[in-house]
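What follows is a single structure, written as structure tokens, with notes after it.
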Amino acid sequence: MGKGPVNSVEIRYKAILEFVDRMEEITQLQDRVDITSNISQIWKVFSAEIQNAIRVDGCALFLVEEGLQEFSLRHADPMVLGEGIRNEVDLQIACGMFAWVIKRRKPALVPALFLKPNKTLVMLPLVTVRHILGMVIVVTSIDESLITHENIKVLGMLAKQCALVMENYLLYDRLRKEHERLLRAQHQILQAEKLASIGRLTAGASHEILNPLNVLSGYVQLLQIQPNLDERSKQYLNTIQEQVERIAGIVNSLYRFSRPIETRKETFSLQEVIDRVVQLFGHERRNDHLVWDLKIANDLPMLHGNPDAIAQVLVILFSNARDAMPDGGTLTVEATFLPEAAISGLEPRGVVRIRVADTGIGIREEDLGRIFDPFFTTKQNQNGTGLGLSLAYGILEEHEGTITVESRLNQGTVFTILLPVRTG
């Protein structure tokens, strides 16, 4: 009889030590979740901890949708419980229970309104000092009276840790996106400076190159009209003339960078521009090996700019896609309107996105960062001048648009153009 009180004290002391150890484990949960983890990975860890803390029938994660200020179901364990929990939450929101729990910032035991019978809800608000992130709903068959204060304390600590980890992830993700945006802006600035450097370099030299070329071309034409020319001489003169014209074309392309041509701006239909360029390519026999897949949305708004310049960009991209598929392939052209999207630095009136995708040989990863550089070409036969994509980049820059590229070797390449929606 005399050992009873001692044993009772020892049991309670042991229970207190176990509870303290449990609290310490919970406080170390942040160290077990990598900051680069996504919401699904974070939820997997914390849902497992919840199920270790209390016997549950299921649990679900509701997060506040940024901008909408609404709770949306992101995860449910098990998934079959998801629809029932969603209906339960709708009723709890309607009766004001959600707002009450969020305002208290503490866990709450709530009788189920939809998930009947004999179901108890434990609402765990995910809140920090700065943010309201969401709510965790725990569904259990344990009677409300049997859920101890220690159970609620453990679940509350888990919710606080979950909120802190998710907040850290969201802050990290926001910084990562901002860093990527700054890198893209830096790349655009560097690309613009490259084009400007080429322009300054060629501004003075273009006339000096074209003048002797005109002289050469004139003498070649005089020789070509001479009587009694043998076939070999005619072939040589034709070759010279072709190369002279090629040099002139390169110089004229470079001249665009130094003195951009004043182009008219008007309101035009992108659908008509795409149809015109596709029709142009369809008339050439060397494009017969292409299979066209056109996905042009019906709700494309009118654009403001130079339709001929945008057509030139498409010609460049289509030509590159054709050359990347010498044995045939599919050329996909997709145009869609994104009303909520915006290009950095411009007012959000929406953008038109154009995707030009081929199933060709692709571009090596180490070359992707250079393909918009003047004179850089990946064409093996050296027929490319390396100026086409640079010219396309410059045209789109004049239209306040952007162009990006994704590619994989032997799988194909995708160019994505964003053009801001403008009115005249």
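Worth a mention:
- When residues of the range 302-327 are limited to those that are part of a loop (DSSP other than H, G, I, E, B), of a type outside the set (A, V, I, L, M, F, W, C) and open to solvent by 30 Å² or more (accessible area, probe 1.4 Å), the one nearest to residue 273 (Cα to Cα): 326
- Selection status of residue 157, under 30 Å from residue 129 (Cα atoms), touching a strand residue (DSSP E or B) at 6+ places or on another chain (Cβ under 7 Å) and either at pLDDT below 80 or in a helix (DSSP H, G or I) (or both): no
- Tally, over the range 258-279, of residues that are under 18 Å from residue 311 (Cα atoms) and modelled with pLDDT under 80: 5
- Screening the range 345-393 for residues that are closer than 14 Å to residue 404 by Cα and in a loop (DSSP other than H, G, I, E, B) and picking the one that is modelled with the lowest pLDDT gives 373.
- Residues of the range 191-234 satisfying the condition of being modelled with pLDDT of 70 or more, within 52 Å of the chain's Cα centre (by Cα) and open to solvent by 90 Å² or more (accessible area, probe 1.4 Å): 208, 214, 216
- Test: residue 335 is under 30 Å from residue 178 (Cβ atoms), of a type in the set (Gly, Ala, Ser) and not in a strand (DSSP E or B): no
The values are calculated or read from the model by the stated rules, or taken from the named source; none is laboratory data. Small disclaimer: the values here were computed from a predicted structure and weren't measured. Note that each Cβ is placed from the backbone with ideal geometry, even for glycine, and that neighbours are counted across all protein chains shown. Ligands, DNA and RNA are stripped out before the accessible areas are found, and what is left, the full protein with its side chains, is counted by its heavy atoms. Shrake-Rupley method; radii C 1.70, N 1.55, O 1.52, S 1.80 Å.
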